[in-house]
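The next block holds one structure in the form of structure tokens; read it before the comments.
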Amino acid sequence: MPKSPEKPMISIIIPTFQEGEYITNTMLNLRKAAKDFPIEIIVVDGGSVDDTVEKAKNFTNKVYRIGRGIAKARNFGAKHSNGDILLFMDADVTLPNGFAEKLVETFRNPEVVGATCNIMPLKPNFSEKIFFSFYNGLLRFISRFKPHSRGEFLAVRKSAFFAINGFNENLPCIEDHDLAMRLSKVGKFVYIKDLTVFESMRRFRKLGLPRVIYTWFIDYLFYTIRKKPVSKEWKAVR
């Protein structure tokens, strides 16, 4: 579908590494969820040795292989995009039908340069549901004063993205929050309250919810204090 002022193109950028188990369902979901909007899907792979790349090529001709580094992959995808709105997401995230309409409506405000939304577990257990409900509520409140975003769903106006030089490739993690903070200095970074996307719980169930929350907190604290997280890398969990 060609883009128009009413329906600008959305470039969906997905960094991958060993995502053969998820990538087909993710691609099918994107086609369905944004069927009435012009979208392009850009997959930037970090060296998978499974069938991630082959499966991704069944859905898009924009599949690239580069070295590891999630910020590097996202910046590379942005440089090869044609859309007016860039949507960065992970390969194990499910988007609801109608997400594109809400995204485009949000960016109709020329002051908006970035956005995120509620992120909930896909098929959560009780403790996961309670934690993420609280966490989303906390972020909605905090976003009135200080922006924050996770990489599961981070939308950016393309012109603003390049104006601040994209993601900081020197950060091994928390690069999504860093981008949101820098975007807020050139425009509005907003929280789309009536939009929810769903992520798999593979990391939380393999490492444990308390351990993941602790890592988040320590990295966020050290980033706030010294602009650099404690973690030297964000290990892939497969």
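Things worth noting here:
- When the criteria are applied in full, Val104 meets the requirement of being in contact (Cβ under 8 Å) with a residue 60 or more places away in the chain, over 21 Å from Arg203 (Cβ atoms) and part of a helix (DSSP H, G or I).
- Residues being crowded, with 18+ Cβ neighbours inside 10 Å and of a type in the set (D, E, K, R) - total across the range 53-74: 4
- The requirement of being charged (D, E, K, R), closer than 25 Å to Ser48 by Cβ and surrounded by 15 or more Cβ atoms within 10 Å (Cβ to Cβ) is fulfilled somewhere in the range 182-201, by at least one residue.
- When Asn109, Asn97, Asn118 are screened for being under 21 Å from Thr24 (Cα atoms), more than 11 Å from the chain's Cα centre (by Cα) and of a type outside the set (A, V, I, L, M), only Asn97 passes.
- Meets criteria (assigned to a strand (DSSP E or B) and within 28 Å of Lys123 (Cβ to Cβ)) for Asp194: yes
- Selection over the range 197-238 of residues that are part of a helix (DSSP H, G or I), without any contact (Cβ under 8 Å) to a residue 60 or more places away in the chain and under 24 Å from Glu19 (Cβ atoms) gives a count of 9.
- Scanning the range 38-54 for residues being within 19 Å of Leu95 (Cβ to Cβ) and among the charged types (D, E, K, R) gives a total of 1.
- Qualifying residue in the range 56-66 (condition: under 23 Å from Leu171 (Cβ atoms) and either outside any strand (DSSP E or B) or not basic (Lys, Arg) (or both)): yes
- The condition of being over 26 Å from Phe141 (Cβ atoms), at pLDDT below 95 and either touching an Asp or Glu at 6+ places or on another chain (Cβ under 6 Å) or of a type outside the set (Val, Ile, Thr) (or both) does not hold for Asn75.
- For the range 128-169, a residue qualifies if it is in a loop (DSSP other than H, G, I, E, B) and either free of Cβ contacts under 8 Å to residues at least 40 places away in the same chain or of a type in the set (Val, Ile, Thr) (or both), and the qualifying residues are Arg144, Phe145, Lys146, His148, Arg150, Ile164, Asn165.
- Residue count for the range 25-55, restricted to those that are over 19 Å from Glu199 (Cβ atoms), hydrophobic (A, V, I, L, M, F, W, C) and over 17 Å from the mean Cα position of the chain (by Cα): 3
- If you go through the range 23-52 and keep only what is buried (at least 16 other Cβ atoms within 10 Å of the Cβ) and either of a type in the set (Gly, Ala, Ser) or farther than 22 Å from Phe167 by Cβ (or both), you end up with Thr24, Met27, Asn29, Ala33, Ala34, Phe37, Pro38, Gly46, Ser48.
- Residues that are charged (D, E, K, R), modelled with pLDDT under 95 and surrounded by fewer than 14 Cβ atoms within 10 Å (Cβ to Cβ) do occur in the range 144-166.
- Selection within the range 95-118: residues that are surrounded by fewer than 18 Cβ atoms within 10 Å (Cβ to Cβ) and in contact with a Leu (Cβ under 8 Å, 6 or more places away or on another chain). The member of this set that is farthest from Phe37 (Cα to Cα) is Pro96.
The values are calculated or read from the model by the stated rules, or taken from the named source; none is laboratory data. No experiment lies behind these values; they were computed from the predicted model shown. All Cβ positions, even for glycine, are placed from backbone atoms using ideal geometry, and neighbour counts span all protein chains on display.
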